[in-house]
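> Let me begin by handing over the structure; questions about it come next.
The values are calculated or read from the model by the stated rules, or taken from the named source; none is laboratory data. The shown structure was predicted, so the numbers you read here are calculated from the model rather than taken from an experiment. Here the Cβ is made from the backbone with ideal geometry for all residues, glycine too, and neighbour counts use every protein chain on show. Surface areas here come from the heavy atoms of the whole protein model, side chains and all, with no ligands, DNA or RNA. Shrake-Rupley method; radii C 1.70, N 1.55, O 1.52, S 1.80 Å.
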Amino acid sequence: MMQTITQAVVFPGLLYALIWAVGLFWFFRKFMATLHKRVGPKFNGIAGSYQTLFDFSKLLTKESITPDGVNPYLFSIMPPLALIIAMLPSAFIPWSDGFIVVGSDYGLLALVVLIGIEPFLLFLTGFGSNNKYSFLGGVRILTQSISMETSFFLAALSPGLLFGTMNLTSIVESSTWFSFLILLPGFILYFIALLGLLEQPPFNIPDAEQEIVYGFYTEYSGTNYFLLKIAEFAEFMAVFAGATTLFLGAYKGLLFDSYFFFFIKMILIAMFMMTLRAATPRITMAQMLRFSWKYMVPITLINLAWVLLAKSLFFMGA
Amino acid sequence: MQSIKDILNSFDCEFVEDYKKVWVKAKLNSKDDLLSVAKKLKENGLRSLSTVSPTDFLEDNIMEINYFFEDLDTKRNLWLKLDLPRESETCNIESLTPIFPSANWHEREAYSMFGVDFLNHPDLRDIIKSEDFTGKSPFRKDFDWEAHEKDNLTNVQTIVDAFKKEQAENEVDLDTDSSETILNWGPTHPASGPIRLRVHCDGEDIIGIDPDIGYVWRALEHLITKKDFIGAIVSVERLCFMDNINSMTAYAMAVEEIADVKITPFASWMRVLLGEVARVSSHFMGLGMFFNNMGLHTLAMWNMDTREFFLDFLESYSGARIATASVEPGGVRYGLDMAMFNELQLAIEKFDSSIGEVEAIFVKNPTMKLRAVDVGVLSAQEIHEFGLSGIVARASGVKTDIRIDEPYAAYAELDLDYIIQKDGSAKDRFEMLFHELKQSVNIIKKAKKKIEENVASGEMNPTKDHMVKVPKKLPKGEAISRVEWARGEVLMHLVTQEKAKTPYRLKIRAPSFNHTMMLDHLLQGQTLSDIPLIFGSLYICQGDLDR
């Protein structure tokens, strides 16, 4: 009982998600600033590290405005729900050797489903905002998630197919440098689909501020906005952790195995994502749809075929 | 030129004469002739109507209308004048919009500000001015501004009521079963600036756009008539903060023409130098905004980094980074300390060292090309018809650049070439900005070298030559001047009365006004994602849009 509460509240639960969100937000700012030839947060704390903390605490204490004419229950229930759903995948991730909250034989399935459900919650936030821009954002997020999740699921399933298990711990344990090479195309596809799922450039279409005023975020302020932001960063964590677990061997390190390597791998993915963000403009909805259905989905299917072939070539004998 | 004069001579004209090198100036006696003259002129090749500028002569009881026709190809221009009665019942004239589409908004502006009625205009609504001016003509000389300002609270209430009424009614006509809606894109939109586009759309598809402008209307053209000739420069430069110097140059040239003053070579080279620095700082912003509108802020940040160095030079020269007030009638406002060129040299070096990576990462960006290569396409034909200028015109392959067509300051001594692109798409306009940026820095280098050489040889005295005295009182007269502003052609029409201490009338023809007119045309049938992209590519500044 005590252990469950600790896991839910401290690690890998709420507190961990909060610290991760604050830390990643600060890191994003600093990293982005370097790419922009700026300084970034500077004055509060070491290298401006308190700035994000202050920003978040400011948002927490600000009045959360519920606009006229919206359904207040739908409007206010969605942000906490989005946060909870975004934090849930952490329970299925093998954070270090032997540490996993819910060790399930269907961990991969749970991970994929929990990640995939998040955009639908965000669609409902847009739907419940009674704002044209938010509604457009909601429709966009729905369109994008349907198109991108197909390839996301197919790419995420390739390790399961290769190792013949959906147990995440077994997937990590069976992974080797060689299996990494076989899964490399799958990893690249997973990463591209991840950009679409997390609404990162060039797929930041649903919350395009220049087009539809941040889409589903438009009407949110104060605590609700804070919750949505934390949910976004918890989602980052879930997807990065998923990529690390499925393709990069999770906590496996060079000399010793530890959470440290898990963290480093996640940060590397984050840095790569930020670099793309600093050099890629947004594409349009039509271009995204074309890209997704014309190229991504067929290629992920081919990738599955490749994984099956590789399995029969190299793994069947064992 | 002769053929224009022949056309005009076949009608009843008070005078037809040459004006400057590339202009014909004429006055029609009868307003009934206007339509047939306009048709003939268009057949003759004068396809663009630059602007329509009424001048209100209260004492003579005359509303004089000035039409400025241009031919961007052969560089022949016509300044056509016409007298109308002032009384609002009879102050009307045939609209030229059916013949010259570029007249559309200019006639609406004349209608809003001066109460001139344009017959057969397709869409004669108020523009720029706010709803509390409805039915009033604020730029007429007998308009009582003080009385109007007294009811400030009522005025604000009128504006609020009108907005609420519009919001309540604007979707009434739409089919309730359809997914059509009206979106307000602006005035507090992350990418809009102070402008509002009423976007009539069906889901993501745009059906039509009706720009609502005037959110930063400062009535500059009226404000200037309240200042003396030198004080007016601070109003003129507020046309747009991004390129403030070239607009002052245009105004100063008009005053100098009326005062019959010739400025020193040093001052004209300084005008070139300062003007190009301002152009560089403006183009840097434009390049950055283009990518900002696609959700990528890196280029804007990088550009800011380099732009600061150029602003450093402006600051050391004038004391201000943005609103420099550094060009005034008679020359340039301050003498030059040659040590200031060190800062300019730093800026040039910074530019040279960083422009390569901008080109590699952003100008050749494949995702940008994917977005921008097919949208916002303007043909050369449309450039002529809608009187577009600057980078927008040149991106479509039209060779127009006032610096070459009608050289001012010291541009005649520079060997300039037209920089053009072919296809006229959003991408071409972006590349135009980039290439012109490099051209401007080259001009800066040449002008700097020229000044340094002449100062070294003693031909120029940087502390004394900057200014020629311009009398405080000017004779009765009028003049027009054109400059190549960062966004396109700025035409100023200055009118003075006998022993004038203040301008009687200054019409500023600003390029963004024409460019914004194109939004509806360019965006019909596109999607919402294209609004910021095309809007950004037209290089619009709300300052000169509203004035």
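> Could you grab me the full set of residues in the stretch B:323-358 that are in contact with a Pro (Cβ under 9 Å, 6 or more places away or on another chain) and more than 18 Å from B:K469 (Cβ to Cβ)?
B:L336, B:D337, B:M338
> Now, a different point. Which of the following residues is within 14 Å of chain A (Cβ to nearest Cβ), touching a residue at least 24 places away in the same chain (Cβ under 8 Å) and not small (G, A, S): B:M294, B:M270?
One residue alone meets the criteria, B:M294.
> Answer with yes or no whether A:A278 is of a type in the set (G, A, S) and either under 30 Å from B:Q526 (Cβ atoms) or buried (at least 22 other Cβ atoms within 10 Å of the Cβ) (or both).
yes
> Related question: For the stretch A:1-119, which helices (runs of 4 or more DSSP H) that fit wholly inside it have 3 or more residues that are farther than 30 Å from A:P206 by Cβ?
A:2-9
> Could you please let me know if A:Q200 is within 14 Å of chain B (Cβ to nearest Cβ) and farther than 23 Å from A:N131 by Cβ?
Answer is yes for this residue.
> Please state which of the following conditions B:R333 fails to meet, knowing it meets all the rest: (1) within 28 Å of B:Q526 (Cβ to Cβ); (2) in contact with a strand residue (DSSP E or B) (Cβ under 9 Å, 6 or more places away or on another chain).
If we test B:R333 against (1) within 28 Å of B:Q526 (Cβ to Cβ); (2) in contact with a strand residue (DSSP E or B) (Cβ under 9 Å, 6 or more places away or on another chain), just (1) comes out false.
> Let me ask something else. All but one of (1) touching a Leu at 6+ places or on another chain (Cβ under 8 Å); (2) under 23 Å from B:L538 (Cβ atoms) hold for B:M304, so report the exception by its number.
(1)
> Checking B:L72 against (1) open to solvent by less than 20 Å² (accessible area, probe 1.4 Å); (2) assigned to a helix (DSSP H, G or I); (3) touching a helix residue (DSSP H, G or I) at 6+ places or on another chain (Cβ under 9 Å), only one condition comes out false. Which one?
Single failed check for B:L72: (2).
> Then there's this: Is it the case that B:L80 is among the hydrophobic types (A, V, I, L, M, F, W, C), open to solvent by less than 10 Å² (accessible area, probe 1.4 Å) and in a strand (DSSP E or B)?
Yes.
Listed here are the residues, each with its yes/no results for (1) over 20 Å from B:K464 (Cβ atoms); (2) open to solvent by 10 Å² or more (accessible area, probe 1.4 Å); (3) assigned by TED's automatic domain parsing to the domain that holds B:E315.
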site: B:E237; (1), (2), (3): yes, no, yes
site: B:S247; (1), (2), (3): yes, no, yes
site: B:E257; (1), (2), (3): yes, yes, yes
site: B:I263; (1), (2), (3): no, yes, yes
site: B:V272; (1), (2), (3): no, no, yes
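> Among the residues of the stretch B:200-211, how many are crowded, with 17+ Cβ neighbours inside 10 Å and more than 10 Å from chain A (Cβ to nearest Cβ)?
Count: 4.
> Quick one: in the stretch A:252-270, which of the residues that are open to solvent by less than 60 Å² (accessible area, probe 1.4 Å) and assigned to a helix (DSSP H, G or I) is farthest from A:A238 (Cα to Cα)?
Result: A:F261.
> Right, something else. Keeping to the stretch B:284-343, report how many residues are open to solvent by 30 Å² or more (accessible area, probe 1.4 Å) and among the β-branched types (V, I, T).
1
> Identify the residue in the stretch B:56-80 that is more than 21 Å from the chain's Cα centre (by Cα) and of a type in the set (D, E, K, R) and, among all such residues, is nearest to B:E406 (Cα to Cα).
B:E64
> Still on this structure: Being among the hydroxyl-bearing types (S, T, Y) and open to solvent by less than 70 Å² (accessible area, probe 1.4 Å) narrows it down to one of B:S457, B:S481, so name that one.
B:S481
> Open to solvent by less than 10 Å² (accessible area, probe 1.4 Å) and either more than 12 Å from the chain's Cα centre (by Cα) or within 14 Å of chain A (Cβ to nearest Cβ) (or both): is that true of B:L533 in this structure?
Considered against the rule, which asks whether it is open to solvent by less than 10 Å² (accessible area, probe 1.4 Å) and either more than 12 Å from the chain's Cα centre (by Cα) or within 14 Å of chain A (Cβ to nearest Cβ) (or both), B:L533 comes out as yes.
> Being within 16 Å of the chain's Cα centre (by Cα) and open to solvent by less than 10 Å² (accessible area, probe 1.4 Å) is the filter; apply it to the stretch A:127-158 and report the residue that is farthest from the other protein chains (Cβ to nearest Cβ).
Among those residues, the one meeting the criterion is A:A156.
> Could you count how many residues in the stretch B:13-39 are open to solvent by 40 Å² or more (accessible area, probe 1.4 Å), part of a loop (DSSP other than H, G, I, E, B) and more than 17 Å from B:E64 (Cβ to Cβ)?
Adding up the residues that qualify gives 2.
> Of the residues in the stretch B:149-194, how many are within 11 Å of chain A (Cβ to nearest Cβ) and of a type in the set (V, I, T)?
Of the residues in that region, 3 qualify.
> Looking only at the stretch A:33-54, filter to residues that are within 21 Å of A:L18 (Cβ to Cβ), open to solvent by 30 Å² or more (accessible area, probe 1.4 Å) and touching a residue at least 24 places away in the same chain (Cβ under 8 Å); which one of those is farthest from the other protein chains (Cβ to nearest Cβ)?
Once the filter is applied, the top-ranked residue is A:L53.
> Pull up the stretch B:40-55, narrow it to residues that are surrounded by 24 or more Cβ atoms within 10 Å (Cβ to Cβ) and assigned to a strand (DSSP E or B), then point me to the one that is farthest from the chain's Cα centre (by Cα).
Per the stated criteria, the residue is B:P54.
> Still on this structure: Pick from the stretch A:179-232 the residues that are more than 12 Å from the chain's Cα centre (by Cα) and on the phi > 0 side of the Ramachandran plot: which of them is modelled with the highest pLDDT?
A:G222
> For the stretch A:281-294, name all the residues that are open to solvent by 10 Å² or more (accessible area, probe 1.4 Å) and away from chain B (no Cβ under 11 Å).
A:L289, A:W293, A:K294, listed by residue number.
> Just one of (1) open to solvent by 10 Å² or more (accessible area, probe 1.4 Å); (2) within 14 Å of chain B (Cβ to nearest Cβ) trips up A:I212, so point out which.
With (1) open to solvent by 10 Å² or more (accessible area, probe 1.4 Å); (2) within 14 Å of chain B (Cβ to nearest Cβ) applied to A:I212, the lone miss is (1).
> Is it the case that some residue within the stretch A:160-171 is within 14 Å of another protein chain (Cβ to nearest Cβ) and either surrounded by 21 or more Cβ atoms within 10 Å (Cβ to Cβ) or in a helix (DSSP H, G or I) (or both)?
Within the stretch A:160-171 (the criterion being within 14 Å of another protein chain (Cβ to nearest Cβ) and either surrounded by 21 or more Cβ atoms within 10 Å (Cβ to Cβ) or in a helix (DSSP H, G or I) (or both)), the answer is no, since none of the residues qualifies.
> Across the stretch B:359-416, which residue is surrounded by the most Cβ atoms within 10 Å (Cβ to Cβ) among those that are of a type in the set (D, E, K, R), within 14 Å of chain A (Cβ to nearest Cβ) and touching a helix residue (DSSP H, G or I) at 6+ places or on another chain (Cβ under 9 Å)?
Among residues in the stretch B:359-416 that are of a type in the set (D, E, K, R), within 14 Å of chain A (Cβ to nearest Cβ) and touching a helix residue (DSSP H, G or I) at 6+ places or on another chain (Cβ under 9 Å), the one surrounded by the most Cβ atoms within 10 Å (Cβ to Cβ) is B:R371.
> Can you confirm whether the stretch A:295-315 contains a residue that is farther than 23 Å from A:F11 by Cα and within 14 Å of chain B (Cβ to nearest Cβ)?
The answer is yes; a qualifying residue exists.
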